[in-house]
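In what follows, a structure is listed as structure tokens, so that the remarks can point back to it.
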Amino acid sequence: MKRIYMAVVLLLAVSLLSYAQTGDEVVSLLHDIDENRTKYGEKIFSTEEFNFGIPRGRNWLVMWEGSRGQRYPFIYVVDVVSREIKFREFIIGSLSKDRVVPLSRFEDLPGRTMNNGSFQIGDFNGEGFDMWLHFHLGAGGPSVEISGHDPQTGEVILYFDENFDSEYDEGPPVRFIEYKGMQGFMLLRGTGHIVPGGPGWVPDPTPSWVGKWFFYTWDKEQRKFVEIEEVNEDGTEIERPVPDPVVDADIIETVAESQASETIGNSIAQSNAGTSPIPLWLRIAIAGGVVVAGVVVLL
């Protein structure tokens, strides 16, 4: 029994040591064992702890920096006692200095602004875990991406990806607000890059939603941010016309009359085309009447 007790105590001590790690210890360990980065001559620029919801240890955001100043953010879970990496994930593309979105894009956003404004970390869906929001300048045009470690699948998932209007310079194109009792954010929609085609190419008409603000909120069942509706620039509801019951009644009556007339016409047509034709004697009488009427007119 005494040996079992000592083994349990030793196991708990090792577990506590693996969790009681400092940023400097993490940096030293990764410089020693992460050859995937060090073989390129990269050095760790910064390290900071967040709660991304990844089990088996403390969650660290580590920023590697290359010889030309490009930076690569990774999430790590490490064990400084056993000197092993338990989780390692590259979360955003290369953050070179010429591709950093101005810091003004991140004003008034929740969470922490990272790498001089290139991305934001915070709890954006209210589930208690940190995510990362990135203004992406990719081939498809400037877009807002929100990703995170999903506790249900254990994987890093892209929760939101939508183009924003890059011409807007009066603040961030995404703003976190409360709308109709829902927590979420509003986004100024944009088209992204339009790539011209060959000779005779004519661009598609500009979509009606371009340059308008839309509100998005977290859907727990779908596990992603979903669009609710268009909103005003100040985050208030757009006044939409209220249906007039009198006008609606007139419309309903007109539609009913039109449908009734159509039904009668269809019934007559079906009767004429059915299996019960007009009797022969009646057709002869009608023809005779037409002839007599013609003779009278000629006289």
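Each value in this text was obtained by applying a stated rule to the coordinates, not by laboratory testing. The structure displayed is predicted, hence computed values, not measured ones. With ideal geometry, Cβ positions are generated from the backbone for all residues, glycine too; neighbour counts draw on all protein chains shown.
Things worth noting here:
- Calculated on C-alpha atoms, the gyration radius of the stretch 113-171 divided by its Kirkwood radius gives an Rg/Rh of 1.01.
- Summed side-chain charge close to THR38 - residues other than THR38 whose Cβ falls under 13 Å, Lys, Arg +1, Asp, Glu -1: -2
- Which listed pairs, of LYS39/LYS224; LYS180/LYS220; LYS43/LYS220, have C-alpha distances above 29 Å, in listed order: LYS39/LYS224; LYS43/LYS220
- Charge tally in the Cβ shell below 13 Å around GLU227, where Lys, Arg are +1 and Asp, Glu are -1, GLU227 excluded: -2
- Distance between the 7 Å Cα→Cβ label points at ASP219 and GLN183: 2.0 nm.
- Ranking of VAL77, VAL27 by count of other Cβ atoms within 10 Å, fewest first: VAL27, VAL77
- Note on ARG240 and SER28: the model spin-label points, each 7 Å out from Cα along the C-beta direction, lie 6.1 nm apart.
- Summarising the label geometry, the points placed 7 Å from Cα in the beta-carbon direction at GLU229 and THR38 lie 5.8 nm from one another.
- Summary of the geometry: the stretch 212-244 and the stretch 35-56, compared by the centres of their Cα atoms, lie 38 Å apart.
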